[in-house]
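Each remark here refers to the structure printed beneath this line.
The values are calculated or read from the model by the stated rules, or taken from the named source; none is laboratory data. Note that this is a predicted model, so its numbers are computed, not measured. Neighbour counts are summed over all protein chains in view; Cβ atoms, including those assigned to glycine, are modelled from backbone coordinates with ideal geometry. To get the accessible areas, we keep the full protein, side chains included, count just its heavy atoms, and leave off ligands, DNA and RNA. Shrake-Rupley method; radii C 1.70, N 1.55, O 1.52, S 1.80 Å.
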Amino acid sequence: MTSPETKPTWVFGYGSLIYKVDFPYLRSEQASITGWQRRFWQGSHDHRGTPEQPGRVVTLVPAAKVVCKGVAYLVDNDVFDHLDHREKNGYRRFDIDIKLLKQQQRVPGVLYVADEHNFAYLGAAPTRDIATQIANSHGPSGSNRDYVLQLAEALRDLGDLDPHVFELESLLRSNNTR
Ligand code: BEZ
């Protein structure tokens, strides 16, 4: 019998977890959550920037009725040691209701959000300023520009035409930055 401690958990990925899957999982399904939208408002000192020149990566902010698509992974609980370490730069796990799109079924799960109370939070800025910061940031995981382009590709494949991400992609591809 599976004890409560070992019961697998659904984790919802809306950013790099969609395309950088460096953890084992039991199932993965296209999925959505409601009431949240992506924003490049979180600073990255450890992956796509440095402490001296932080990059910007996605977090979620509340947005009534907005549907955010992503990928849900069913994982064993020891996978969270890896994920918590990977997302340690200000993200915390929150409980969330996830809709599995193929099955049209709701399951309880968790996601990672970096809210305004964390030390690396940068918050809102004009989109062109965000694009400029991204164009100039690089970190141990690669360029911040590639993070945006990979995310945009992954969202296109999922059919989530997120205007915030695609505007940044367009500014970066056309070098429309300072
Ligand atoms: C995600 O892809 O779900 C994710 C994004 C940022 C931090 C942690 C997870």
Quiz item: What is the dipole size for the chain, taken about its Cα centre, with +1 at each Lys and Arg Cβ and -1 at each Asp and Glu Cβ, in debye to the nearest 20?
Solution: 460
Quiz item: How much of the accessible area of the range 9-173, in percent, comes from carbon and sulfur atoms when a 1.4 Å probe is used?
Solution: 51
Quiz item: Could you give the angle, 0 to 90 degrees to the nearest 10, between helix 144-158's Cα long axis and the longest principal axis of the Cα atoms of the chain?
Solution: 50
Quiz item: In terms of Cα to Cα distance under 21 Å, which lysines are near enough to residue 88, apart from those fewer than 8 places away along the same chain?
Solution: 20
Quiz item: In whole percent, what relative contact order does the range 44-153 give with Cα contacts below 8 Å and a gap of six or more residues?
Solution: 38
Quiz item: In degrees between 0 and 90, to the nearest 10, how far off the longest principal axis of the chain does helix 163-173 point, with axes built from Cα atoms?
Solution: 50
Exercise. First select every other residue whose beta carbon is under 10 angstrom from the beta carbon of residue 130; then total the charges, Lys and Arg +1, Asp and Glu -1.
Key: +1
Exercise. For an R0 of 25 angstrom, estimate the FRET efficiency from the Cβ-Cβ distance between residue 166 and residue 95 and round to the nearest 0.05.
Key: 0.30
Self-check item: lysines with Cα under 21 Å of residue 65, excluding same-chain neighbours fewer than 8 positions away
Solution: 99, 102
Quiz item: Just the accessible area per residue of the range 9-173, please: how many Å² with a 1.4 Å probe?
Solution: 46
Quiz item: What is the extension gain from residue 156 to residue 136, computed as 0.36 nm multiplied by their sequence separation minus the C-alpha to C-alpha distance, in nm to one decimal?
Solution: 4.7 nm
Quiz item: What do you get when you divide the Cα radius of gyration of the chain by 2.2 N^0.38 Å, with N the number of residues?
Solution: 1.02
Exercise. For an R0 of 30 angstrom, estimate the FRET efficiency from the Cβ-Cβ distance between residue 124 and residue 25 and round to the nearest 0.05.
Key: 0.35
